[in-house]
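Enquirer: Below is one structure. I have some questions about it.
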Amino acid sequence: MDVQKGRRMLTAMMMAMLIIPGCGWTSTNFSPEQVYRNALAGIAGRESVKFQGQAGLRRNEENGYKDQFHYEGSLKDHDELTLHTVLPVSGKEPGIQSMSASGNSVTFARLGSRWISLSGESDTMHGTLARFNPISQLEGLSTVPKRMTTEHSAARGTRMIRIELGPTEAHQWIAAQLSDEMSSIRRQYDQKASSQAGPEGNRVQQEMDQVWDKGQQELVQMLNGAEASVVYHLTVDRSSSLPIRLSSESRLQYNDKNGRPQQESLVTDVNFEDYK
């Protein structure tokens, strides 16, 4: 066997190991960074996907979560994503709950590296739901310094990686999301005020400015000197490298306006399905 023919056979064998699902490099040897990049590329290459998620806020290590809600969504045509809150309703049996179809819905379109609301940036749920867009979160993580490690508790046929932001990046990540929500609230206020004519509109605008200014001051005070941590867990299918699950915990420790230490943790958990 000549040298060139041997090299061609070796190259073909290596390519086969990369292509065959469940074998070789695709299943075990990718680094956490490669797993993340492949997952991001995989979901970007799909025309549509559906997902279901839940989020909850926990304060000062209390048992259980406050302000918990469920949401679901879908991506279609690569660049249009709809998020819909799902409200819990009482089931037929005591202690049993089911999810109703009622709730709020916002549709986003990808514009470059941003997701723009097609429902109008002044939509009452835009600022809140924007931060729960799982694809936007996955994409956003690509631009910030982070530490990635492999978790060894993944289920059979999957890989799980831990993505942790540094303290500075975590603070900036949380601050940016909260600032976006505040900006959305400001736009809502301005829209309501502009719908009122004459002196009444001016009065409404002044009252809303006062409310927004107070909220903005409280946000700035909370973020000043706050300590933050952000950790994501990404689970992917070994064969396809597509995301199966994305969970996160964003924690903020700060002093309130009375100087008392407080801690808030926002926890999210999203499952992806029905890729096309």
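Enquirer: Could you tally the net charge around ILE244, taking each other residue with its Cβ under 11 Å from the Cβ of ILE244, Lys/Arg +1 and Asp/Glu -1?
Expert: Details: positive: ARG159, ARG238, ARG245; negative: ASP237, GLU273.
Spelling it out: positives minus negatives among the neighbours equals +1.
Enquirer: Taking only C-alpha pairs under 8 Å that are 6+ residues apart, what is the relative contact order of the stretch 138-183 in percent?
Expert: On the way: 32 pairs, mean separation 14.6, N = 46.
Once normalised by length, the contact order is 32 percent.
Enquirer: Follow-up. Quick check: pseudo-label points 7 Å beyond the Cα along Cα→Cβ at LEU118 and LYS192, how many nm apart are they?
Expert: Using points 7 Å along Cα→Cβ, the separation is 2.8 nm.
Enquirer: What is the list of residues in the stretch 239-276 whose amide nitrogen lies under 20 Å from a point 7 angstrom out from the Cα of LYS76, following Cα to Cβ?
Expert: From the stretch 239-276, the list is 272-276.
Enquirer: While we're on this one: Can you check what the net charge comes to around LYS257, using other residues whose Cβ is under 11 Å from the Cβ of LYS257 (Lys, Arg +1; Asp, Glu -1)?
Expert: Details: positive: LYS214, ARG260; negative: GLU218, ASP256.
Local charge sum for LYS257: 0.
Enquirer: Could you tell me the calculated FRET efficiency between SER239 and VAL211, based on Cβ-Cβ distance and R0 = 41 angstrom, to the nearest 0.05? Can you show the working numbers first?
Expert: Values: r = 52 Å, r/R0 = 1.27.
It comes out at approximately 0.20.
Enquirer: Straight-line reach from LYS192: which aspartates and glutamates fall under 20 Å, measuring Cα to Cα and dropping same-chain residues less than 8 apart?
Expert: GLU121, ASP123, ASP180, GLU181, GLU200, GLU207, ASP209, ASP213
Enquirer: Counting only other residues whose beta carbon sits under 10 Å from that of LEU234, what net charge do I get with K and R as +1, D and E as -1? Walk me through the numbers on the way to the answer.
Expert: Numbers: positive: ARG159, ARG162, ARG245; negative: GLU151.
Neighbourhood net charge equals +2.
Values quoted throughout were computed directly from the atomic coordinates according to the rules given, and no laboratory measurement underlies them. Remember, it's a predicted structure, so these values are computed and weren't measured experimentally. Please note: Cβ atoms are built from the backbone with ideal geometry, for glycine as well, and neighbour counts cover all protein chains shown.
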